[in-house]
Amino acid sequence: MGQLEAEFTSEPFRGEGTPPDHAVKAREAAELAGLTTDFGPLGTSVRGEADAVLDALPAIARAALDGGATRLTLRLQAPGEPPADETGPGRVLDGMVRQVEAELGARLSELDRPGKQRAVRMLDERGAFQVRRSVAEVAELLGVTRFTVYNYLNRE
């Protein structure tokens, strides 16, 4: 079967500071399974032989839930493959972003912090964050991290 990549995100998110216990425990379970990990504040990517990744997923999920996670989101794909929805729902997100930029009178990257927070609220109200991988795309357009976008979303 070859290589496989999994990205998992556990919630709840906790603002800035040390990562939540559920995220740390999920990462530790992946490392214990011998997978290559890339740990971030909002998610962890793991890579390895497909069988090793698939065999490790139950332990990763259990570790996150035992650590206090209330939700675990998982994405699997062959390494290097673009997300399947890159050509579909992403266009919907592009339209929402253009509309918000027009209403705010500037590109997202040019907004000050309060403007960026307002843009995130407006996009959220329009359902932009229901589109897969939208947080990462919006973060890139704003010139901030995914973590910052989640902080803006959690301030409401």
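Key figures for this structure:
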{"item": "Most mobile of Arg121, Arg47, Arg113 in a GNM of the chain (Cα contacts under 10 Å)", "result": "Arg113"}
{"item": "Built amide H within the under 5 Å cut-off of Gly48, gap 5+", "result": "Leu4"}
{"item": "Candidate values (1) 58, 18, 15; (2) 37, 23, 15; (3) 31, 18, 11, label of the one derived for semi-axes √(5λ) of the Cα gyration tensor in Å", "result": "(3)"}
{"item": "Inter-probe distance in nm under a simple model that places probes 7 Å from Cα toward Cβ, at Phe147 and Ala52", "result": "2.7"}
{"item": "Distance between modelled label sites at Val92 and Arg107, nm, 7 Å Cα→Cβ extension", "result": "2.6"}
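Each value in this text was obtained by applying a stated rule to the coordinates, not by laboratory testing. Keep in mind the model is a prediction, meaning the values are calculated, not measured. Positions of Cβ are backbone-derived with ideal geometry, glycine not excepted, and every protein chain shown enters the neighbour counts.
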